[in-house]
1. Any idea which residue in region 95-108 is nearest to Gln138 (Cα to Cα), counting only those that are surrounded by fewer than 12 Cβ atoms within 10 Å (Cβ to Cβ) and either among the hydrophobic types (A, V, I, L, M, F, W, C) or in contact (Cβ under 8 Å) with a residue 40 or more places away in the chain (or both)?
2. Just one of (1) part of a loop (DSSP other than H, G, I, E, B); (2) in contact with a Gly (Cβ under 9 Å, 6 or more places away or on another chain); (3) over 16 Å from Phe44 (Cβ atoms); (4) not charged (D, E, K, R) trips up His88, so point out which.
3. Would you pick out the residues in region 120-132 that are over 14 Å from Ala42 (Cα atoms) and basic (Lys, Arg)?
4. If His117 passes every condition in (1) assigned to a loop (DSSP other than H, G, I, E, B); (2) over 18 Å from Gly40 (Cα atoms); (3) in contact with a Leu (Cβ under 9 Å, 6 or more places away or on another chain) but one, which one does it miss?
5. I'd like the residue in region 59-73 that is loosely packed, with under 15 Cβ neighbours inside 10 Å and among the hydrophobic types (A, V, I, L, M, F, W, C) and, out of all such residues, is nearest to Ser34 (Cα to Cα).
6. When Leu142 is evaluated against the numbered criteria (1) surrounded by fewer than 18 Cβ atoms within 10 Å (Cβ to Cβ); (2) touching a Gly at 6+ places or on another chain (Cβ under 8 Å), which criterion, by number, is the only one it fails?
7. Hey, among Ser111, Ser130, Ser120, which residue is in contact with a Phe, Trp or Tyr (Cβ under 9 Å, 6 or more places away or on another chain), surrounded by fewer than 19 Cβ atoms within 10 Å (Cβ to Cβ), of a type in the set (Ser, Thr, Tyr) and more than 16 Å from Tyr144 (Cβ to Cβ)?
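The values are calculated or read from the model by the stated rules, or taken from the named source; none is laboratory data. Just so it is clear, the structure is predicted and the values come from calculations on it, not from any experiment. Neighbour counts are summed over all protein chains in view; Cβ atoms, including those assigned to glycine, are modelled from backbone coordinates with ideal geometry.
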Amino acid sequence: MSTKFLAALTALLASASFAADPDVLTIQVSGAHSDSGHIGCALFRSAVGFPFGDAHAMRLQDVAIAHGRATCTFTGLPAGAYAIAVMHDENNNAKLDTNFLGIPTEGFGFSNNAKAHTFSPASFDEARLSYAGGLVAQAVALTYR
């Protein structure tokens, strides 16, 4: 086979995979202190339940960690306002562990890298991102306290 044919075939296959679902929001999580456990990503469409009320999340995803990084991918999303909450569930108990004061003992983060306040998480409005469709990547750096 010729090199031109292989290049054309590769380009065709790549474009076909994006054409099948052109609306992809990718959350690139960094800063995990270890590869233990998993990263949980929660996608919210409103402030109700944000950030850790999973029952109110539009979509949830748990992904493996490699070298302190993980990627959550949400496909087929309609355009609109969203906010994302991320947690490093180091012990795989499906919750963000906290100390006796309610301060998280596991890593967490929010879209726009919105910062948590002294005794409260970032708000939906602080973490809000406008998604118009297409291929969009959002970086979220984990915070540990």
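1. Start the filter on region 95-108 by keeping residues that are surrounded by fewer than 12 Cβ atoms within 10 Å (Cβ to Cβ), which leaves 99-103.
After this cut, where a residue has to be either among the hydrophobic types (A, V, I, L, M, F, W, C) or in contact (Cβ under 8 Å) with a residue 40 or more places away in the chain (or both) as well, the list is 100-101, 103.
Values: Phe100: 32, Leu101: 31, Ile103: 25 Å.
Result: Ile103.
2. Going through the list (1) part of a loop (DSSP other than H, G, I, E, B); (2) in contact with a Gly (Cβ under 9 Å, 6 or more places away or on another chain); (3) over 16 Å from Phe44 (Cβ atoms); (4) not charged (D, E, K, R), His88 breaks only (1).
3. Across region 120-132, there are no qualifying residues.
4. (3)
5. Selected residue: Ala66.
6. (1)
7. Working: Ser111 fails: surrounded by fewer than 19 Cβ atoms within 10 Å (Cβ to Cβ); Ser120 fails: in contact with a Phe, Trp or Tyr (Cβ under 9 Å, 6 or more places away or on another chain).
Residue meeting the stated conditions: Ser130.
For (1) surrounded by 14 or more Cβ atoms within 10 Å (Cβ to Cβ); (2) among the hydrophobic types (A, V, I, L, M, F, W, C); (3) at pLDDT below 95, each residue gets a yes or a no:
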site	(1), (2), (3)
Leu12	no, yes, yes
Ala19	no, yes, yes
Pro22	no, no, yes
Thr26	yes, no, no
His38	yes, no, no
Phe50	yes, yes, no
